[in-house]
1. Report relative contact order for the stretch 7-48 in percent, whole number only (criteria: Cα-Cα under 8 Å, sequence separation at least 6).
2. If the chain between Phe44 and Ala316 were fully stretched, how many nm would it gain, using 0.36 nm times the residue separation less the Cα-Cα distance?
3. Given (1) 191; (2) 151; (3) 135, which label gives volume of the Cα convex hull per residue in Å³ as computed from the coordinates?
4. If I build a Gaussian network model for the chain, linking alpha-carbon pairs within less than 10 angstrom, which residue out of Ser36, Ser171, Ser27 has the largest mean-square fluctuation?
5. Given H placed 1.01 Å from N in the peptide plane, which residues other than close sequence neighbours of Leu257 have an amide H under 5 Å from its amide H?
6. With each label point set 7 Å from Cα along the Cα-Cβ vector, what nm distance links Ala193 and Glu31?
7. Can you give the FRET efficiency for Arg285 and Asp151, using 1/(1 + (r/R0)^6), R0 = 25 Å, r = Cβ-Cβ distance, to the nearest 0.05?
8. What does the C-alpha gyration tensor say about the overall shape of the stretch 233-329? Classify as rounded when a/c is under 1.5, otherwise prolate if a/b is larger than b/c, or oblate.
Amino acid sequence: MVTKLWANSGDSHATGEVERWREILPSDLAERMPRSVKDADGEFETVHVDGRTFRRKLPKLLTKTDKSGRTIGDLVSERGAKSLEGRLADLDQEGVWGEVVYASLGLWESLLSDRHMIREVTRLQNEYVASEVAEKSGHRLVPAASVPLLDIDDAVAEVEHMAEIGLRCVSLPTGLPDGMPALNRDDWEPLWAACEAAGMVLGVHIGTDGGDDGPVRFRGPGGAVLNYVDTTYGGQRVATQLVSSGALDRHPGLRVLISEGGATWVPFLGDRMNEGYRQHATFVRPVLSRLPKEILYDQVYTSFQHDESAPAAMWAMGYRNILWGSDYPHIEGTFGHTQKTLHELFDDVTPEVSHRIRIGAFRELFPHVPSPPAE
């Protein structure tokens, strides 16, 4: 009998958001929130966000139907949108204990351009997930809370509100709303200070760059793979900005989680930043208290799903802040084969490496999450 491996997940997603918005938001605001409408043949979908529309072709896997006539996309959505008890039952079956929960359609919120709307929406959403997701799951689920990024003072106020209601993770997109300063600018210093003071983890999910085409930048031959790979670079850019600008150096208690972007890029990026910091020292501002790679290794955490090279980033390259992630309930995730994936990744590594990636790094970020049944 194969031993069941339990793991915490640094990446998963909520579904059923349209229904939630209709429940908790005033009707005029709910109608302006992101929603997806599929064509009759299921081949394309149109995403509507506050009067703007974005049309995109769906992956063939999502459009394939089963005997009942439902598409795999429908089945995935149904699974993720079940009751909280149903979700936890799925996780128990798969051997997933605690998990960070990002939005799905809500990741398009960064395209909202009404400051007053986004301020109200984020507050109501965060109060909902604090009580209905975090508390009712026994704090196994860690919602990545929304933050209004059209005004930095609003963002700081909402982080303080999050802390008051027991949330532990801020969802920060890889792309900021139009007109906002880049993340390496000192304008964001009040937000970093507020997050550090509140013990709030900055959760950065890849593929949230925004823009009219969403995650689609390439078309034609190789487009599917090009776009999938390209989404990973936004997370690397955020990590580079926060390290090189001195934001993390000034706030040594601040932790960042780059979700779903792999892990082996961290040693490379650390080496590259160190080289630039040394070889171009005449031009470097600010001067850091440690080399960039040390800060990156210490304060930036990452999550991956299937990457066979990820454990080697720890045992071969010394990068310890790696989390595994299930990406539940998305189609590129591990639902249905989680145990197979975990055994393939960890059966041939040391118990220390296995435990650190499955359990330990997550526990450092979210010590309030109870321990799994077996470690």
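1. Details: 26 pairs, mean separation 10.7, N = 42.
Across the stretch 7-48, relative contact order equals 26 percent.
2. Numbers: separation 272, 0.36 × 272 = 97.92 nm, distance 4.35 nm.
This chain segment gains 93.6 nm when fully extended.
3. Correct label is (2).
4. Ser27
5. Leu202, Gly203, Val204, Tyr301
6. In this crude spin-label approximation the distance works out to 4.2 nm.
7. On the way: r = 27 Å, r/R0 = 1.08.
That gives a FRET efficiency of 0.40.
8. On the way: a/c = 2.22, a/b = 1.77, b/c = 1.26.
Prolate is the answer for the stretch 233-329, as a/c is 1.5 or above and a/b outweighs b/c.
Read-outs: derived from the displayed coordinates by stated rules, not from any lab. This structure is a prediction, so every number in the text was calculated from the model and none was measured. When we count neighbours, we look across all protein chains shown, and the Cβ atoms used for this are built from the backbone with ideal geometry, even at glycine.
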